[in-house]
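The values are calculated or read from the model by the stated rules, or taken from the named source; none is laboratory data. Quick caveat: nothing in here was measured; it's all calculated off a predicted structure. Here the Cβ positions follow ideal geometry from the backbone for every residue, glycine too, while neighbour counts run over all protein chains shown. Just so you know, the surface numbers come from the protein's heavy atoms only, side chains and all, with ligands and any DNA or RNA stripped out. Shrake-Rupley method; radii C 1.70, N 1.55, O 1.52, S 1.80 Å.
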Amino acid sequence: MSAETKQTAKLVLPAGKEITLPVITGSEDEHAVDIKTLRADSGFITLDSGFMNTGSTTSGITYLDGEEGILRYRGYAIEELADKSDFVEVSYLLINGKLPNVAERKAFSTALTRHSLIHEDMHQFFAGYPPTSHPMAVLSAMVTSMSAYYPDSLDRNSAIDLHITRLLSKVRTIAAFAYKKSIGQPLMYPKNSLKYCANFLHMMFAVPSEEYEVSPVLEKAVNQLLILHADHEQNCSTSTVRMVGSSGANLYASIAAGILALWGPLHGGANQAVIEMLEDVKANGGDGKKFIDDVKNKRDNRRLMGFGHRVYKNFDPRAKILKKMCDEVLAHLGIKDPLLDIAKAMEEVALKDDYFISKKLYPNVDFYSGIIYRALGIPTNMFTVMFALGRLPGWIAHWKEMVDDPQTKIGRPRQIYTGEKLRKYVAIESR
Ligand code: CMC
């Protein structure tokens, strides 16, 4: 489906100049004023720091309504996908635009299994990193390095489906290897008899000297976590992937840039920051009320991590699913995590507090995901890697949509210059 242009909008500029601009309407009745010709027609640009109201593209991948708490991938509700589908099928859906039939699913799964190994020479890279390395640094560097191992990816007309398969399969292997390296254990090779998420758990937690059985409950939890993270339309990292890709950069380079954008604590790094915040509250013997007080008074610019969202202003549908899942996974594992009690207490206080109500701040996807990762035995500094693994099919789908769109131009915003006007150079002795 493409966007329709049936209406127009009028913009009255200083000196009474009036401009007529097309209005674009999407399939869910969202409207945008198309300002493509504004500067050429009037000399004006629009200014929207942080892109609060700026659409960078039309897209047929994900629909998100922040006021109603709606999230759909290719038209399917996130609640239904998380409940009934699995991560491989959702990846296929995001990238190809439709659910696979039996033969397509089998071919996709077989391809993912076949491409799970990374080049043996790349193992040496892991040895080069200090044990203190953050796994996001390792992951992004390894993904960039993949373009060196598959140099035909530099030609964007090369077998793109093969590069997509490689990425989806090998990023999982790299993530698990980075973890094994960080704890000094031998790398566990992928086991082809296992499904995607079970194979990931095997590479993370198996050791050569012992049998490792993948728990179906944990496998399901990982599938759901990855599905919930799989796409979120034009967020910071996805926009970065599209921006970098718009210059003609190859898929691996574009995805590596997305991984780096995700790392920040206001984006995917928030899941790590939430646990650090909860541990800080616990270490100080509190129930979080003092921390919330500090947040409200903006002491040390503190924020309640895992709260708030640029788009969701009512609730984050992913957080709702995760809160329930958190209780289920911890109950299944028989874990009583004091951080969960602190998180629930802080959520209760915040949701009744005028500061958070008036600013429409609610728990987001990162508030409870970290507690589930902890219960699964995934260390805190790997949380953002898990987010990256989940977001990968979304990034790929957006990169592909951008490359396939004949309207795509290199991303190049404008600015309003606020520096010095032209001045004369003064020789150093005279300054
Ligand atoms: N705690 C306390 N105050 C907050 C928070 C928070 N978590 N989030 C926003 N505010 C306040 C902020 O201080 C500002 O107040 P004021 O109007 O007095 O200056 C107001 O709410 C608006 O905030 P903003 O930063 O202008 O809003 P934004 O839309 O630019 O930021 C956000 C969205 C997610 C970056 C922000 O809510 C935040 O920093 N949250 C904490 C970090 C976090 O959990 N990030 C994960 C987001 S979900 C996963 C993902 O997709 O990346």
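Read through the list (1) in the same structural domain as Gln234 (by TED's automatic domain parsing); (2) open to solvent by less than 80 Å² (accessible area, probe 1.4 Å); (3) not aromatic (Phe, Trp, Tyr), then give the number of the only condition that Leu260 fails.
Exception for Leu260: condition (2).
Whether any residue in region 284-307 is away from the ligand (no atom under 12 Å from the Cβ) and hydrophobic (A, V, I, L, M, F, W, C) is what I want to check.
No: zero hits.
Every residue in region 366-381 that is more than 27 Å from Asn314 (Cα to Cα) and either surrounded by 24 or more Cβ atoms within 10 Å (Cβ to Cβ) or of a type in the set (Ser, Thr, Tyr) (or both), please.
Thr380
Pro100 passes all but one of (1) in a loop (DSSP other than H, G, I, E, B); (2) open to solvent by 30 Å² or more (accessible area, probe 1.4 Å); which number fails?
(2)
For every residue, the table says whether it meets (1) open to solvent by less than 50 Å² (accessible area, probe 1.4 Å); (2) modelled with pLDDT of 95 or more; (3) in a helix (DSSP H, G or I); (4) more than 15 Å from Pro393 (Cβ to Cβ).
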site	(1), (2), (3), (4)
Ser2	no, no, no, yes
Thr5	no, no, no, yes
Leu11	no, yes, no, yes
Leu64	yes, yes, no, yes
Glu80	no, yes, yes, yes
Ala107	no, yes, yes, yes
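Looking for whichever is under 30 Å from Thr54 (Cβ atoms) and open to solvent by 10 Å² or more (accessible area, probe 1.4 Å) here; the options are Gln185, Gln272. Which one fits?
Result of the check over Gln185, Gln272: Gln272.
Would you confirm, using the coordinates I've provided, whether Ala221 is open to solvent by less than 30 Å² (accessible area, probe 1.4 Å), hydrophobic (A, V, I, L, M, F, W, C) and within 16 Å of the ligand (Cβ to nearest atom)?
no
If Ala261 meets every condition in (1) farther than 20 Å from Tyr362 by Cα; (2) within 15 Å of the ligand (Cβ to nearest atom); (3) of a type outside the set (Asp, Glu); (4) in contact (Cβ under 8 Å) with a residue 60 or more places away in the chain apart from one, which number is that one?
Tallying (1) farther than 20 Å from Tyr362 by Cα; (2) within 15 Å of the ligand (Cβ to nearest atom); (3) of a type outside the set (Asp, Glu); (4) in contact (Cβ under 8 Å) with a residue 60 or more places away in the chain, Ala261 fails exactly one: (4).
Only residues that are outside any strand (DSSP E or B), touching a strand residue (DSSP E or B) at 6+ places or on another chain (Cβ under 9 Å) and open to solvent by 10 Å² or more (accessible area, probe 1.4 Å): list them for region 66-78, please.
Arg74, Gly75, listed by residue number.
Report those helices (runs of 4 or more DSSP H) wholly inside region 255-346 carrying at least 2 residues which are within 18 Å of the chain's Cα centre (by Cα) and closer than 19 Å to Ala388 by Cα.
270-283, 317-333
Taking region 337-365 as the region of interest, how many residues are open to solvent by 40 Å² or more (accessible area, probe 1.4 Å) and touching a His at 6+ places or on another chain (Cβ under 6 Å)?
Residues meeting the conditions: 0.
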